Amino acid sequence: MLTIDTNGHFDAAHTFLCGQCFRWENSGENDGSFVGVAGGHAARVRGEDGKILIEASGGDEAFWRRYFGADCDYAKIKSAIRSEILEPCIEFGSGIRILRQDVWETLISYIISANNNIPRIKKIILRLCESFGERMTFEGNEYYTFPDAQTLASLPIEELAPLRAGFRDKYILDAANKVASGEVDLAALSDMPTGEAARELMKIKGVGQKVADCILLFGLGRYEVFPKDVWIYRVLSEVYSVEKSAADSFVRETFKEYGGFAQQYLYYYYREKI
């Protein structure tokens with residue numbers, strides 16, 4: 001078992017249920033553990049005294065530390081963005097950690113997320129992995145890797161029909177073809193300024209600003225990015241009295257380099273309150 005000390009800044013439910021990821025499920029055990037797949041590795045994860053305890057089919061300590069953002073100083077981040085409004089949000093979601101997910105998987109997952117709800121997103125992604133990923137066994141159960149771009153690019157669109165992804169089928173294949181061909185180079189995004197990386201991602205059909213921002217935040221660790229959709233615009237309006245036209249400047253000036261963390265605390269708290 002691998003143990004990662006977070007100095008008290010981790011809760012499995014907060015992290016896996018805050019809306020940033022789609023392949024982790026509550027194990028149903030009384031230890032609060034979650035099971036899922038990351039980077040091709042099946043794992044069971046739980047928190048204990050603020051530490052992350054991981055039993056996995058693979059992945060070394062460096063992989064899991066990166067995945068859970070172990071080098072992020074959450075005490076510093078929380079102190080930097082704490083305000084009267086954010087205080088209850090931070091306390092409510094105190095154990096949230098922004099994951100560093102695989103960029104390709106994040107791209108396809110957030111294409112699927114457009115105009116969708118989390119239970120349906122999870123089912124589509126599960127069917128995608130079961131249909132085209134590689135099977136593995138962990139703790140006596142079957143799990144599947146996320147299919148790569150080359151695998152999906154080789155498929156006729158008809159083979160995606162069983163996913164029941166609807167209009168998103170053509171977006172999935174467009175992403176696969178552009179990534180597999182090198183037209184969109186995901187590996188190069190890390191070296192691009194945030195705005196340029198977003199524009200590169202938006203070459204793919206189905207990737208608008210919000211989806212691009214989610215990929216930048218949850219896949220590339222661009223923590224200044226604050227993804228905005230209809231719901232988060234409502235939060236900004238009702239909680240901060242900020243209109244849509246002023247949202248970008250407000251977020252930059254208020255949260256600076258930690259916009260993504262503020263967004264997650266606000267989303268996790270206010271989705272139950274508004």
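Where a number appears in this text, it was derived from the coordinates with a stated rule and is not lab data. Predicted model only: the values in this text are computed from it and were never measured. A quick note on method: Cβ atoms are made from the backbone with ideal geometry, for glycine too, and the neighbour counts reach across all protein chains shown.
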Problem set entry | segment 2-71 shape via C-alpha gyration tensor axes, a/c threshold 1.5 | rounded
For this session: Rounded to the nearest 0.05, what FRET efficiency do Lys51 and Ser190 give with R0 = 30 Å and r taken as the Cβ-Cβ distance? Could you check?
Result: 0.55
Exercise. For segment 143-178, which chymotrypsin sites (Phe, Trp or Tyr not before Pro) are in a loop by DSSP, counting at most 15 other Cβ atoms within 10 Å?
Worked result: Phe167
Problem set entry | In order through segment 57-69: 3J(HN,Hα) via Karplus (6.51 cos²θ - 1.76 cosθ + 1.60), integer Hz, x for Gly, Pro | 6, x, x, 7, 4, 4, 4, 5, 5, 5, 4, 8, x
Exercise. Say each of Arg199 and Ser94 gets a label point 7 Å from the Cα, pointing the same way as Cα to Cβ; how far apart are those two points in nm?
Worked result: 4.4
Problem set entry | Å³ per residue enclosed by the Cα convex hull of segment 103-220 | 107
For this session: Report the full-extension gain for the segment Ala62 to Ile274: residue separation times 0.36 nm, less the Cα-Cα distance, to one decimal in nm.
Result: 72.4 nm
For this session: Would you mind listing how long the chain runs along its three principal axes, going by Cα atoms, in whole Å with the largest first?
Result: 52, 45, 35
Seminar exercise, completed: trypsin sites (Lys or Arg not before Pro) in segment 79-122 lying in a DSSP loop, each with at most 16 other Cβ atoms within 10 Å of its Cβ, come to Arg82
Problem set entry | Separation of alpha-carbon centers, segment 83-130 and segment 5-37, rounded to whole Å | 12
For this session: Multiply the residue separation of Glu224 and Arg120 by 0.36 nm, subtract the distance between their alpha-carbon atoms, and state the gained length in nm to one decimal.
Result: 34.6 nm
For this session: Evaluate the distance, in nm, between pseudo-label points positioned 7 Å from the Cα of Ser83 and of Ser249 along their respective Cα→Cβ axes.
Result: 1.5
Exercise. Amide H to amide H, which residues 5 or more places from Phe138 or on other chains are under 5 Å from it, using H placed in the peptide plane?
Worked result: Tyr143
